[in-house]
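Each reported figure results from applying straightforward, stated rules to the coordinates on display, with no laboratory input. Predicted model, so just to flag it, every value in this text is computed and none were measured. Methodologically, a virtual Cβ is constructed for each residue, glycine included, from the backbone with ideal geometry; neighbour enumeration extends over all protein chains shown.
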Amino acid sequence: MKYQKRDLDPLNFADANNSEWSLVENVECTPDSLPNRLKRHLVRKRKIHKEENHCTRKDAKKQKLSPKKVGTKKPVLSLECNICGKRFNQKSTIIIHMKKQHKYQCQTCCQSFNLKRELKRHIEKVHGPLLYPCSICEYKSNNKCTLKDHFIRKHTSGFQYSCSVCSKQFKIKNDLKQHMNQVHSGEPPIICSICGHACKNLPAIKAHMKYRHYKPAYECKICKRGLTTQENLDQHLIWHQRKEKVVCPTCGKTFGQKRDLDLHLRIHQGIRPFSCPVCGKTFPRKTAQEQHILIHTGKRPYICDICGQTFAQKPGLICHRKRHPGPLPPLPVISIKKIIMDFTQELKVTSAEQQDKMKLDS
């Protein structure tokens with residue numbers, strides 16, 4: 001086989017006219033028939049060509065994926081925290097900031113805290129004890145659970161729990177537990193070493209000793225109430241300063257509102273505008289008149305929530321409940337308006353009938 005004579009570049013295998021020339025395309029030969037030097041050069045040339053093509057494709061992909069950066073702009077701080085005034089550029093960032101820094105906020109001075117105990121400490125130190133008011137009456141408590149129990153006892157009528165021994169009904173489960181421990185525990189009674197009074201359990205004997213045989217060391221000069229510690233007395237005096245505003249000029253008794261003082265002054269002035277329709281006895285207040293009328297009705301609407309004993313008047317129930325040992329639940333709310341209204345209507349009907357009868361007889 002003869003090679004065609006041409007002016008070849010020994011390195012690039014190109015002729016003098018710069019036209020590419022390939023041995024494989026122009027010469028019919030097998031790879032074994034090519035010189036070793038020429039074969040090595042062809043392999044190296046193909047390898048370099050592949051690497052160049054791979055690099056160009058990679059650069060093209062990068063250009064498509066990443067747009068050209070014309071200029072970097074700083075993010076605009078458009079969201080502002082309404083508590084501390086700090087500005088943010090994203091909604092998620094300001095939400096995280098509010099949860100961490102202003103999770104618990106004081107309702108009085110709007111100061112915020114990231115821990116609940118810090119808010120509680122701030123309220124007790126700066127604004128005094130936090131009181132939760134009842135939505136119906138004027139009762140307030142520093143404990144939400146106590147307020148909830150008060151609402152159930154005072155402003156609900158359903159008895160959901162009953163004693164399995166004596167069938168006594170209760171509105172709160174804890175009252176039932178206390179009743180079972182005090183009345184149906186089956187343990188022998190504890191006898192007071194001073195007066196011989198028998199108590200059901202240890203808390204009952206402690207309450208008996210405290211209220212019967214222990215004289216408080218501190219006494220309020222305003223209302224003569226006895227307290228066990230100086231701290232309790234100081235808190236009690238603060239209550240007087242906050243709640244009581246007007247004083248009776250005759251006896252020195254204090255009241256929270258002028259209306260209460262005006263009602264109280266009727267006692268000193270001898271004004272008794274409310275009279276009993278049955279016996280004619282007069283009273284300075286309508287509540288006292290209604291309590292008196294209950295005696296004539298013959299009904300006993302006041303029921304002890306501990307032992308079930310009934311009473312015709314509220315003071316009798318109050319005095320009776322003090323005999324029960326241990327901490328007592330608040331006095332149950334009992335409405336007597338309907339009893340008084342029905343009784344007075346019956347009196348009017350009977351009196352009208354008697355008058356008609358007298359007219360017919362005459």
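Here the Debye sum runs over all C-alpha atoms of the range 232-349 as equal scatterers in vacuum, and log10 of I(q)/I(0) at q = 0.11, 0.16 Å⁻¹ comes out as -0.55, -1.01.
Explain nothing, just the number: relative contact order of the range 163-289, from Cα pairs under 8 Å at least 6 residues apart, as a whole percent. Intermediate results must be reported in sequence, preceding the final value.
Values: 115 pairs, mean separation 11.3, N = 127.
Rounded, it is 9 percent for the range 163-289.
The Cα center of the range 170-243 and the Cα center of the range 318-353 differ in position by 27 Å.
Where does each of E138, E118 land when they are ranked from fewest to most other beta-carbon atoms within 10 angstrom? List each step's numbers first, then the result.
Numbers: E138 7, E118 13.
Ordered by Cβ neighbours within 10 Å, fewest first: E138, E118.
Label positions at T350 and I334, each projected 7 Å from the Cα along the C-beta direction, are separated by 2.2 nm. Applying 0.36 nm per residue to the separation of K286 and K91 and subtracting their alpha-carbon distance, the gain on full extension is 64.1 nm. Panel order for C307, C199, by other beta carbons found within 10 Å of each beta carbon, from fewest to most: C307, C199.
Give me the Kirkwood hydrodynamic radius of the range 159-266, using the inverse of the mean 1/r over all pairs of distinct Cα atoms, in Å to one decimal.
Numbers: mean 1/r = 0.0561 Å⁻¹.
Result for the range 159-266, one decimal place: 17.8 Å.
Along Cα→Cβ, 7 Å out, is where each label goes; now give me the distance between the ones at N232 and V278 in nm to one decimal. It is 4.1 nm. Cβ-to-Cβ counts within 10 Å put H179, H213 in ascending order as H213, H179, the fewest first.
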